[in-house]
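The values are calculated or read from the model by the stated rules, or taken from the named source; none is laboratory data. Small disclaimer: the values here were computed from a predicted structure and weren't measured. Here Cβ is always computed from backbone atoms with ideal geometry, including for glycine, and neighbour counts include all displayed protein chains. Just so you know, the surface numbers come from the protein's heavy atoms only, side chains and all, with ligands and any DNA or RNA stripped out. Shrake-Rupley method; radii C 1.70, N 1.55, O 1.52, S 1.80 Å.
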Amino acid sequence: MARNAENPLVGIIMGSDSDLPHVRGAGRSLERFDIAHEYRIKSAHRTPEEMGEYARTARRRGLKVIIAAAGGSAHLPGMVASETSLPVLGIAVESSPDPLSAAFGSMLRMPSGIPLATMGKSSESSPAAAENAGLEAVRILATSDPELAERYEAYMEDLRTGVIEKDNKLNNSDVDEYIAQMRASKK
Ligand code: RP5
């Protein structure tokens, strides 16, 4: 069971609990590396004071990275980036009813001087952007933690060997059988 840690290094914040399933992947990546983290709901529009307070006190509380997700009118990641000097990683929540995804667009148009690393769009069924936000936070933490860097490199090596094994198998298989087996293993 994933619970908020006591001394989190990474804060995962979102505008609404309706964003939570779509950002859960960020926490999964952090769990993989045993990084203490917290999930918090801080809305730029509904709780602007709490959002500002969270961002302003984040460094003092020991946070090193903030992952911020928003879907609708997505001011949260950008506003948080303007209230803290910590690195902020933005995720646009794909499930937003906004077909033009203003959330994603607004993250790409930050004014000069206020950087916001933008990971992309994430949803519960396509969580790559959220998972990568978690991994990017691990990479940032690993710049000052050689042991973590070593574990991260081992993870990358696992990815590499996994692909090589698949390539060998595919190279020795009937392609339709390979696809059928692939689908069966996902069920
Ligand atoms: C955004 O509005 C939130 O981040 C969420 O993606 C969206 C809708 O929020 P709810 O109406 O579901 O609370 O600010």
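Would region 86-98 turn up any residue that is open to solvent by less than 10 Å² (accessible area, probe 1.4 Å), closer than 24 Å to Tyr152 by Cβ and within 14 Å of the ligand (Cβ to nearest atom)?
Yes - at least one qualifying residue is present in region 86-98.
Checking the condition assigned to a helix (DSSP H, G or I) and at pLDDT below 90, which residue from Ser106, Ser82, Ser95, Ser73 passes? Reasoning before the result, please.
Numbers: Ser82 fails: at pLDDT below 90; Ser95 fails: assigned to a helix (DSSP H, G or I); Ser73 fails: assigned to a helix (DSSP H, G or I).
Every option except Ser106 fails the conditions.
Filtering region 1-42 down to residues that are assigned to a strand (DSSP E or B) and within 16 Å of the ligand (Cβ to nearest atom), which residue is surrounded by the fewest Cβ atoms within 10 Å (Cβ to Cβ)?
Here is the first cut: in region 1-42, the residues assigned to a strand (DSSP E or B) are 10-14, 37-41.
If we keep only those that are within 16 Å of the ligand (Cβ to nearest atom) too, we end up with 11-14, 39-41.
On the way: Gly11: 26, Ile12: 28, Ile13: 26, Met14: 25, Tyr39: 20, Arg40: 14, Ile41: 16.
Top of the filtered list is Arg40.
Taking each residue of region 138-149 that is closer than 19 Å to Gly27 by Cα and looking for partners that are among the β-branched types (Val, Ile, Thr) with beta-carbon atoms closer than 6 Å, six or more apart or interchain, yields Ile140/Val65. Note on region 49-73: among residues that are open to solvent by 70 Å² or more (accessible area, probe 1.4 Å) and not polar (S, T, N, Q), the one that is nearest to the ligand (Cβ to nearest atom) is Glu50.
Screening Arg24, Arg32, Arg59 for residues that are closer than 22 Å to Glu150 by Cβ and in contact (Cβ under 8 Å) with a residue 24 or more places away in the chain leaves exactly one candidate, Arg32.
Would you check if Ser122 is touching a residue at least 40 places away in the same chain (Cβ under 8 Å), open to solvent by less than 50 Å² (accessible area, probe 1.4 Å), of a type in the set (S, T, N, Q) and touching an Asp or Glu at 6+ places or on another chain (Cβ under 9 Å)? Spell out the reasoning first.
Details: touching a residue at least 40 places away in the same chain (Cβ under 8 Å): yes; open to solvent by less than 50 Å² (accessible area, probe 1.4 Å): yes; of a type in the set (S, T, N, Q): yes; touching an Asp or Glu at 6+ places or on another chain (Cβ under 9 Å): yes.
Judged against the criteria, Ser122 is a match.
Going through (1) within 15 Å of the ligand (Cβ to nearest atom); (2) open to solvent by 20 Å² or more (accessible area, probe 1.4 Å); (3) under 14 Å from the mean Cα position of the chain (by Cα) one by one, Ala117 falls short only on (1).
Candidates in region 74-85 are the residues that are among the small types (Gly, Ala, Ser) and more than 9 Å from the ligand (Cβ to nearest atom); of these, the one that is surrounded by the fewest Cβ atoms within 10 Å (Cβ to Cβ) is Ser85.
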